[in-house]
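Q: Encoded as structure tokens, here's the structure I'll be asking about.
Each value in this text was obtained by applying a stated rule to the coordinates, not by laboratory testing. All of these numbers come straight from a predicted model, not from anything done at the bench. Cβ coordinates were reconstructed from backbone atoms using ideal geometry, including for glycine residues, and neighbour counts include every protein chain displayed.
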Amino acid sequence: MRTLQAAAAIVVALTLQTTLSHTLLVNRGAFDLVLIVVVYLALVGGPTAGLLIGSAAGLLQDALAGGILGIGGLAKSVVGYGAGFVGTQFILTGAVPRFLVFALGSAAHAGVVLGLYRVIDPRSVLPPFETVLSQAGLNAVIGVSAFLVVERAPGWWQRRRLQRSGFGRRWRA
């Protein structure tokens, strides 16, 4: 069941990534929802899950985006493993530690991708540092927000059901 949920999350992230990147922002590389899902699932599932999910998600994204197949898969698997390892070694319940994991994961992903492209073609042009930094910050904000929504949604849903059924209301005598 968890495998199906992870696959559904990756498919939704890929769909939203391809849809939102063209409509909301002019710069296509402004955020990476697939990377956010990989880091989230790695933090929840551990390093092995992060490695496998990152590899599969990165390969799917590479296949859809074009370019060199495997670079995104390798980068996302490295980041997924690293985020899963950090998640097992440290307590990451607050917003600031999660923000740091998402931001560092995004920066590491950009470093691996840009490094591999630089090795393949030494004359390739690297994006400015500000672009990588802004993408890391935006990914971190979206990732922490996703954590909050996923953690608080079941409680919100339960309170809403109780209020509709009448058990959540106070009865006056």
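Q: Put +1 on the Cβ of each Lys and Arg and -1 on the Cβ of each Asp and Glu in the chain; which of 18, 33, 95 then has its Cα farthest toward the positive end of the dipole?
A: Result: 95.
Q: For segment 78-173, which chymotrypsin sites (Phe, Trp or Tyr not before Pro) pass both filters: DSSP loop (anything but H, G, I, E, B) and at most 12 other C-beta atoms within 10 Å?
A: In loop regions of segment 78-173 (DSSP not H, G, I, E or B), the sparsely surrounded chymotrypsin sites (Phe, Trp or Tyr not before Pro) are 90, 167, 171.
Q: In a Gaussian network model over the chain where Cα atoms closer than 10 Å are linked, find which of 114, 14, 43 has the largest mean-square fluctuation.
A: Answer for the Gaussian network model of the chain: 114.
Q: Test of understanding: in a Gaussian network model of the chain with alpha carbons linked when under 10 Å, which of 77, 21, 124 would top the mean-square fluctuation ranking?
A: Sorting by GNM fluctuation, first place goes to 124.
Q: Then there's this: In debye, nearest 20, what is the charge dipole magnitude of the chain about its Cα centre with +1 on Lys and Arg Cβ and -1 on Asp and Glu Cβ, if you could check?
A: Here the chain has a charge dipole of around 1160 debye.
Q: Gaussian network model of the chain, Cα springs within a sub-10 Å range: biggest mean-square fluctuation belongs to which of 73, 143, 155?
A: 155
Q: Just to confirm the filter: which trypsin sites (Lys or Arg not before Pro) across segment 75-158 are DSSP coil and have at most 10 other Cβ within 10 angstrom of their Cβ?
A: Answer in residue order: 123.
Q: Choose one of 143, 117, 74: the residue whose Cα lies farthest towards the positive end of the charge dipole of segment 2-165 (beta-carbon charges +1 Lys, Arg; -1 Asp, Glu; about the Cα centre).
A: 143
Q: Over the alpha carbons of segment 2-165, what is the largest minus smallest coordinate on each principal axis, giving the biggest first in Å?
A: 65, 38, 30
Q: Tell me the relative contact order for segment 1-104 as a rounded percent, counting alpha carbon contacts under 8 Å between residues six or more apart.
A: 24 percent
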